[in-house]
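Single-structure report; data block below.
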Ligand SMILES: [Zn+2]
């Protein structure tokens, strides 16, 4: 096919997709936002059912690893040798296998050093310059050899962060392939060159903290929906990984403490008898027990052991393996019970984190496991570890978090809650994506969004006043208010997202919380969300599997919700555009005559009459009272016996139902709503009555289906209404609340008064829009993931 045809087809294809997304019925005010997602999702098939469950012939690959690795503390280097057993469970014959060499993100010759734009500034930091000139270090993976199980060399090709290994004889469906890779790399200083793993150097005691991640050549995912996921690692979009069993021997200096994915097999050879005793105590302890104490860590920090020790770890059915190694670590542990199964909650931290981590970390780990197990699936692994490493990054059973105290042992409120939040978040990642194993390189929201949503629930269960930054609807408003060209849909590939934090963490978390609290209700949502977690635990779900399961298990049509919140950039801005008040004419003189008198008095305001009275002009009938008669004195609004009798006669002629309207539902309010933001949402109203009482009611989003921009609805009330307010509990992320009340509320904005003064040049006085952008753009605090 020549290039021109290809690009024409591409244009055509994209145009169709885009119009299918927003314009099923172009130019119309209906038939768009509530259309079913249809072609926006992949077709159901034998691998993935239309219900959102794995299909009858669902398959996934498996990779088992046996790894020997040595950490060289003097050279800050990793040297490893691995035997991989790859199981081809797919129906496809494979002639090659793709592995991920993530550490090549730091290869000075790699594309990753070239693909980020840069700008000169008046003040350049060292890291700004490093981004422009390169780090100049010999970083990246050195592959020593790749052989089959018998030691015969295999052909391989390295393309940036991916390595293709040729399978000598086609790997047929149902077959397995054993091969070996030997490699090494220099551990990067993650505090300067960046990265999710690496070393941190502590000059004050001349020691390193090693967080070793993405460190071994790892199998890429081969799947029914995208073949090999071999999109290059740029350091941004995270990982797509295959489940398997690990046996890992980690050799490190004898005075190092190691924590890792899985269970250690040889503590009895590694720990002192006192430490081993504490480890045994921790198995039943209700509070964390220090297995390696602060005093022992401080002692170890003073010297450097020449001898080595080998820690043996085993982990079943995990998608990855990471570890921490240092002589600077305190280690504590306690048991927590997850539906009758013991799980060891543990923490590793240096002296600078001791005041915070010793008090909170392991208890937060246990709390997170409890909360997430309740909302998704029971935590299936035997351990869960939190390591203090001044960052935020997740792996199976182990994660790296921040939270260091001041030199005097005190800490700020922000550090405390930031730490608790990040530990909940990173431990929470055990569930998404470590167990519900989505493709992070493609869809960041599938793990970050779901996890941030559950983080919010766990934070509220920790402390109902927890200062959560993501989850409450109104917290997403500043992001949603940005100009349209600065927003991208949640369903955007990880690499192409500009505002990573709001787009992939906060917006989906907010959307799910709205789904739970406002659209579906807790009962229907929780059941469906747990069903999704159960269906896809230890499997590879796609967005369609999530969208379909949430509907399938709840009988709530949610296509409009996914379309609006996940596929689009529309925002919520519903306005009460007008309200008209109607009263039934009761014909009852006792009611109607009072009303009639009031109306007449209002209508009698007449400028000419008023000025004549003020001028004291004497009228003819006043000057000559003989001109007056009965009609000058008659009270036409007086309730008389005859008018009452007439009403009673009329009333008695009515049916029971008609009579009831005279005593109840006497007040009718026609309210006009406008959908200014574009995102259709339920309408939540709070009525305030003349007697001071209030009432809330919720109208499902479906009210917009015949007209997506404007609806009117009549409300019959038994009491007179004083005012009505839209979204009184701020649960829809409405970006403009000034049009949410009728009559309009006038909430004053504050301004400050200064003495006359000359502002510095370039000062704008108001909030700098660039600052706002930067806040919105920020990744999670301290670069957590
Ligand atoms: Zn995360």
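Does the stretch 649-656 contain at least one residue that is outside any loop (DSSP other than H, G, I, E, B) and surrounded by 15 or more Cβ atoms within 10 Å (Cβ to Cβ)? Checked against the condition, which is being outside any loop (DSSP other than H, G, I, E, B) and surrounded by 15 or more Cβ atoms within 10 Å (Cβ to Cβ), the stretch 649-656 yields no hits at all.
Results for (1) touching a helix residue (DSSP H, G or I) at 6+ places or on another chain (Cβ under 7 Å); (2) surrounded by 18 or more Cβ atoms within 10 Å (Cβ to Cβ), shown as yes or no for each residue.
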position: 506; (1), (2): yes, yes
position: 512; (1), (2): yes, yes
position: 544; (1), (2): no, yes
position: 548; (1), (2): no, yes
position: 572; (1), (2): no, yes
position: 581; (1), (2): no, no
position: 584; (1), (2): yes, no
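Is it the case, given these coordinates, that residue 301 is closer than 25 Å to residue 462 by Cβ and modelled with pLDDT of 95 or more? For residue 301, the condition - closer than 25 Å to residue 462 by Cβ and modelled with pLDDT of 95 or more - is not met. For the structure I just gave you, tell me whether residue 486 is within 15 Å of the ligand (Cβ to nearest atom) and surrounded by fewer than 22 Cβ atoms within 10 Å (Cβ to Cβ). So residue 486 does not fit the description; no.
Just one residue in the set 257, 221 is surrounded by 23 or more Cβ atoms within 10 Å (Cβ to Cβ) and over 29 Å from residue 76 (Cβ atoms); that residue is 221. Assess whether residue 280 counts as being surrounded by fewer than 16 Cβ atoms within 10 Å (Cβ to Cβ), within 28 Å of the chain's Cα centre (by Cα) and more than 27 Å from residue 201 (Cβ to Cβ). When the stated conditions are applied, residue 280 does not pass them.
Summed over the stretch 461-496, the residues that are within 21 Å of residue 417 (Cβ to Cβ), assigned to a loop (DSSP other than H, G, I, E, B) and in contact with a helix residue (DSSP H, G or I) (Cβ under 6 Å, 6 or more places away or on another chain) give a count of 5.
Count of the stretch 425-437 residues, restricted to those that are under 21 Å from residue 231 (Cα atoms) and within 12 Å of the ligand (Cβ to nearest atom), is 3. Of everything listed in (1) touching a helix residue (DSSP H, G or I) at 6+ places or on another chain (Cβ under 7 Å); (2) away from the ligand (no atom under 16 Å from the Cβ); (3) farther than 28 Å from residue 370 by Cα, the single unmet condition for residue 499 is (2). For residue 694, the stated conditions hold: it is free of Cβ contacts under 8 Å to residues at least 24 places away in the same chain, under 30 Å from residue 589 (Cα atoms) and either crowded, with 18+ Cβ neighbours inside 10 Å or in contact with a strand residue (DSSP E or B) (Cβ under 8 Å, 6 or more places away or on another chain) (or both). For the stretch 450-464, a tally of residues being free of Cβ contacts under 8 Å to residues at least 40 places away in the same chain and more than 16 Å from the ligand (Cβ to nearest atom) returns 3. Scanning the stretch 702-736 for residues that are at pLDDT 95 or above and not in a loop (DSSP other than H, G, I, E, B) yields a count of 16.
The values are calculated or read from the model by the stated rules, or taken from the named source; none is laboratory data. Quick caveat: nothing in here was measured; it's all calculated off a predicted structure. With ideal geometry, Cβ positions are generated from the backbone for all residues, glycine too; neighbour counts draw on all protein chains shown.
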